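First the structure, in the form of structure tokens, and then the observations on it.
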Amino acid sequence: MRFAAMVVANIKTTARNKQALFFLFIFPILFMALFGLVFGKSQDVAKIAVVNQDKSTLAKSITKSLSKIDKLQVEKDGQGDGMEKLKKGKVDAVLVLEKGFAKNFPRHPASIDLYYDPTSTRSQMMRGTIGAVLGGIERSMIKTPPLITVKSKSVQSNQLTYIDFLLPGILAMSLMNSGLYGLATAMVTRREKGVLRRLKLTPLPLSQYIGAGIINQLLVSLVQAALLVLIGHYIFGVKIIGALTSLAILVIVGSLCFITIGFVIASFAKTTEAVATLGNLIGMPMMFLGGVFFPVDNVPNWVKPIVKAMPLKYLADSLRSVMVQGQPLSYVHDDVLVLLAVTFAAFLLAVKFFRWESDKR
Amino acid sequence: MGSIIDISNLVKTYGDVRAVDNVSLAVESGEVFGILGPNGAGKTTTLEMIEGLRKPDGGTITIDGIPAWPNPNKIKHLIGVQLQATALMDFLTVREMVRLFASFYGIRMGKSKADELLNEVALVEKAGSMINQLSGGQQQRLSIALALVNDPKVIFLDEPTTGLDPQARRKLWSVVERINAEGKTVVLTTHYMEEAEVLCSRVAIMDNGRVIALDTPEGLINSLESDVKITFTAKHPLDMQKLAKISSVSKLSQVDSSYSFYAGDVQKSIMSLLRLADSQEVKIENLNVAGADLEDVFLHLTGRGLREQ
Ligand SMILES: Nc1ncnc2c1ncn2[C@@H]1O[C@H](COP(=O)(O)OP(=O)(O)OP(=O)(O)O)[C@@H](O)[C@H]1O
Ligand SMILES: [Mg+2]
């Protein structure tokens, strides 16, 4: 019962600290947004404005076919500002279907105007695309089978883009950061202020105090992970094909690992400044060499053992395998075992060196 | 009534400093026991060893017959503690904090029960406020409430009124009196002799880690047999030479129209003073007689003031 009360108290203090909460969640989201905008899917999307002044079925079927094309965004242009947008580069082409453009079609050829910007490669590519689409419509109307069909096949069953690679990395990094700093900062602050000394006078066992802190931090990490995955999926279009339960299990195992490392930091650090220093010392190298932003399979030989010693790499790798490659948990069980072993070792260290007070009395 | 706390030959050293130097004490059940002393006297160190927070280097402590060391867990349910440096968790309300602490003792404290306790320390109107928004006096009273959640036999208050304004101090005094009236034993430390005189049934005076005197406040003052200070003003100059001849009068002084002297025999010296003024046809005004207090006792025992100037 006192354990539950302590957990609830921790959650309340976390949830009510709006400022800390803001930073807790804004950083991973900012990271994601930043990298997403630079490398994300939105870059590949071409835009076309369609000025449709005709009511024929042909006009309708043309717009419909265009909107079916992957990575092409169709804007219906009623106001006639399509040309302006084209000049400013906000759309890549403007298609004009004048009233009566297909009178007596197919006996008389229909005439369609396509405006494009010759200085933009994407705009030029649009000519080809639109031409092909219209050609397809034409063939289907005059019922001629295509002579050549091209089926494009990717070497991978689902093509991975950089953002797909990045999301699991950012997720792993966020779990690491909130694990390393979150619990440790809270614990050291309370120790510095003498709150822990006061708690020591009550019958609340140390294990329950710590357990409650870990659970609270774990919940924070889970919310963080959920936010990141949702944003990654719905805003940046990351394909998440792995099982959500496997993903959740990995998130929990990974968080626990870094929370216990944070707990070791809290045991050694006297001040919150020391928490930051120690945290950076452990976290920074992992951020760069842990396979968050780029693959680390091709690092120089002498760096390999360092990379192998980084828990973040195991978390990032396993998250990647499960999230975007859809592998089952059994595929990453080596990674999971490493993370669990680190957690166990860190826990022993942390308990051994735990201090209720900043100075020995 | 028997003693509830027994301390014998308690020792604690920090490097070269003997913070607590062979202290032996017995606190009676149901009393308010005060430890008075200047900064660094060893008050906090003594208290925290009794509470089980600091490990003594030597000596024994029992509370209600149970040794506080080596396993302080055994006395946790007997005691309630307010530490000198109060720090509590932010972002919890006063009521939530009280209920949380009760839960640590396995007590399921309802809202009304918590408010009852807060009422006892005159804090019920702040029950819904966040802890970080409390004033100094309110925080002290909250820590007293927290010390009371487990209905302990003994409560320890380490400088409960330091840093409070006179009004807040008086409010806290009445809280302590109420707690004591319920039959709880209170051990408190203070720098203020007035506080010890008002609240404590007995006072131990500590200096340099040692108990240098222990008695009721009256007993301590009486033991001084000290002189009283007599002050008055006179518009016309008064020749005091004759007064100086009375045996128990000393330290005559005059600044402008203000006069003062110390006397052992109050009655005799005042009679002489009045007769002297009469004969010289000088009118005496603002006559004042001040007795000794614990401050003087401390001055007498150590040759130093109780508080650093
Ligand atoms: N943790 C510690 N490390 C080293 N010296 C200490 C420690 N705690 C107390 N001391 C020393 O022990 C002596 C007694 O300190 P203590 O805090 O018990 O005094 P106190 O009577 O409570 O003083 P105050 O009125 O200022 O609270 C002091 O000389 C102090 O410097
Ligand atoms: Mg003290």
- Task: May I ask you to verify whether residue B:35 is of a type in the set (A, V, I, L, M), in contact with a Ser or Thr (Cβ under 7 Å, 6 or more places away or on another chain) and more than 7 Å from every other protein chain (Cβ to nearest Cβ)?
- Result: yes
- Message: When you check residue B:41 against the structure, is it away from chain A (no Cβ under 14 Å) and near ligand 1 (Cβ under 8 Å from one of its atoms), yes or no?
- Response: yes
- Task: Looking only at the stretch B:210-229, count how many residues are in contact with a helix residue (DSSP H, G or I) (Cβ under 8 Å, 6 or more places away or on another chain) and either in contact (Cβ under 8 Å) with a residue 60 or more places away in the chain or assigned to a loop (DSSP other than H, G, I, E, B) (or both).
- Result: 9
- Mind counting the residues in the stretch B:230-255 that are in contact (Cβ under 8 Å) with a residue 12 or more places away in the chain and part of a strand (DSSP E or B)? 9
- Residues of the stretch A:222-272 that turn out to be under 15 Å from residue A:320 (Cα atoms), at pLDDT 85 or above and basic (Lys, Arg), as a count: 0
- Go through the stretch B:76-102 and count every residue that is within 16 Å of ligand 2 (Cβ to nearest atom) and in a loop (DSSP other than H, G, I, E, B). 5
- Message: When the residues of the stretch B:8-37 are narrowed to those that are outside any strand (DSSP E or B) and more than 7 Å from ligand 1 (Cβ to nearest atom), which ends up farthest from the chain's Cα centre (by Cα)?
- Response: B:16
- Query: How many residues does the stretch A:322-339 hold that are of a type in the set (Gly, Ala, Ser) and either outside the structural domain of residue A:172 (by TED's automatic domain parsing) or more than 19 Å from residue A:239 (Cα to Cα) (or both)?
  - Reply: 1
- How many residues are within 13 Å of chain A (Cβ to nearest Cβ) and either assigned to a loop (DSSP other than H, G, I, E, B) or on the phi > 0 side of the Ramachandran plot (or both) if we restrict to the stretch B:57-75? 3
- Which one of the conditions (1) part of a loop (DSSP other than H, G, I, E, B); (2) buried (at least 18 other Cβ atoms within 10 Å of the Cβ) does residue A:336 fail to meet, given that it meets all the rest? (1)
- Message: Given the criteria within 12 Å of another protein chain (Cβ to nearest Cβ), within 16 Å of ligand 1 (Cβ to nearest atom) and touching a residue at least 24 places away in the same chain (Cβ under 8 Å), does residue B:54 qualify?
- Response: yes
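Per-residue answers, yes or no, for (1) of a type in the set (Gly, Ala, Ser); (2) under 24 Å from residue A:208 (Cα atoms):
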residue	(1), (2)
A:303	no, no
A:306	no, no
A:311	no, no
A:315	no, no
A:323	no, no
A:330	yes, no
A:339	no, yes
A:343	no, yes
A:347	no, yes
- The strands (runs of 3 or more DSSP E) lying wholly within the stretch A:58-123 that contain at least 2 residues that are over 34 Å from the mean Cα position of the chain (by Cα) are A:93-97, A:113-116
- Message: I'm told residue B:12 meets every condition in (1) away from ligand 2 (no atom under 16 Å from the Cβ); (2) in contact with a strand residue (DSSP E or B) (Cβ under 6 Å, 6 or more places away or on another chain); (3) more than 28 Å from residue B:136 (Cα to Cα) except one. Can you identify the failing condition by its number?
- Response: (1)
- Item | Unique residue being in contact with a helix residue (DSSP H, G or I) (Cβ under 7 Å, 6 or more places away or on another chain) and within 12 Å of chain A (Cβ to nearest Cβ) when the list is B:83, B:117 | B:83
- Consider residue B:163 against the criteria (1) assigned to a loop (DSSP other than H, G, I, E, B); (2) at negative phi: it satisfies all of them except one. Which criterion is unmet? (2)
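The values are calculated or read from the model by the stated rules, or taken from the named source; none is laboratory data. Remember, predicted model here, so these are calculated numbers, not experimental data. Neighbour counts are summed over all protein chains in view; Cβ atoms, including those assigned to glycine, are modelled from backbone coordinates with ideal geometry.
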